[in-house]
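Only one structure is covered here, and it is reproduced in the block below.
Every number in this text was worked out from the coordinates using simple rules, so none of it is lab data. The structure displayed is predicted, hence computed values, not measured ones. Every residue, glycine among them, receives a Cβ derived from its backbone with ideal geometry; neighbour counts consider all protein chains shown.
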Amino acid sequence: MAPAYTGVWPVAPTPFNADGTLDVEGMRRVIDCIVDQGADGVCILANFSEQFLLTDEERETLMRVSLEHMDGRIPVIVTCSHYSTDIVVSRVTLAKSLGAAMVMLMPPYHGALLKGTEAQTYEQFARVGEIGLPIMIQDAPLSGVEMTVPFLVRLAREIEAVQYFKIETPQAAGKLRGLIEQGGDAIVGPFDGEEGITLMADLDAGATGSMTSATLPDLVKPVLAAHAAGDRAKAAALYREILPLINYENRQCGLRACKTVMMEGGVIGSDVVRHPMPQLHPATRAGLLELARELNPLALTWGR
């Protein structure tokens, strides 16, 4: 088995021009910025990438542009979630052909009523596993599908490709701890998510990686490094410094935070999000940038 992926894997935002059209050159600049942030890997086409506001053609364009421009500098996870198993298989097959290191999947769901049962979820992941890429399961409230620790452990033990887990549920640390204790060596990569809002608790529970936004991964990475080195006090001190910005991003801005910081830093030309998602309120935007300037993450100065 290849060495386990660990560390900070930010989600790349999808940049749009001011008129809402796809900014392909901006996507290349986002990829370059994330590499310069020292990220250990990157995730594209995730929920924080506004994947739910992209056409199928745009998805394919972004996948091709991102993987070709990355050119192997750091590994790339491609989110391929969909309710349709055939569509998921098609997306994953393309991701593999373009050089993705891993794919991330949520359980099959579509709205409040169409939710995959354990059997249906198992079957979808098993079919994807045959393609030959490692799978990261995203366990998040957005799907409305509850995946228990015993079920996640079963997936890891019975489907070789299921190796990584991004846990974003309430009480994530408890779920991570249970997953690691019950799954043992089958749990290759237990990851923290949700912009790192519960990072210290999740690291204490055994998380070895974190999928943050691309707002400040360069400032999150030292937290993981200190914790992995056994210096929890240093990790906690570093985390306290950046937590106000993480909290503001998570609770006030969501995916719009990274785009705003990257626009301010000259990475992209516009922080527009697509309708019906509202643009960031000017006062909220000002509060975000005030906190960001105190920490000066690379995204805030990269293109200046």
- Message: Based only on other Cβ atoms within 10 Å, what is the fewest-to-most ordering of Phe52, Phe191?
- Response: Phe52, Phe191
- Item | the chain - Rg over Rh from alpha carbon coordinates, Kirkwood radius | 0.94
- Query: Regarding segment 175-278, what whole-number volume in Å³ per residue does the convex hull of its Cα atoms give?
  - Reply: 123 Å³
- Pairs of lysine residues in the chain - Cα separation under 27 Å, sequence separation of 8 or more or cross-chain: 12
- Note on the structure: For segment 94-250, averaging the sequence separation of alpha carbon pairs under 8 Å that lie six or more residues apart and dividing by its residue count, the contact order in percent is 16 percent
- Which value, in Å to one decimal place, does the Kirkwood hydrodynamic radius take for segment 219-304 when every pair of different Cα atoms is included? 13.8 Å
- Item | Most mobile of Leu245, Leu224, Leu53 in a GNM of the chain (Cα contacts under 10 Å) | Leu53
- Mean Cβ neighbour count within 10 Å, used as a protection proxy, ranking 158-169, 178-189, 22-33 highest first: 158-169, 22-33, 178-189
- Message: I need the peptides 198-210, 57-69, 270-282 ranked by packing, meaning the mean over residues of other C-beta atoms within 10 angstrom, with the highest value on top.
- Response: 198-210, 57-69, 270-282
- Query: How long are the three semi-axes of the equivalent ellipsoid of segment 236-280, in whole Å, if each is the root of 5 times an eigenvalue of the C-alpha gyration tensor, listed from largest down?
  - Reply: 23, 14, 5
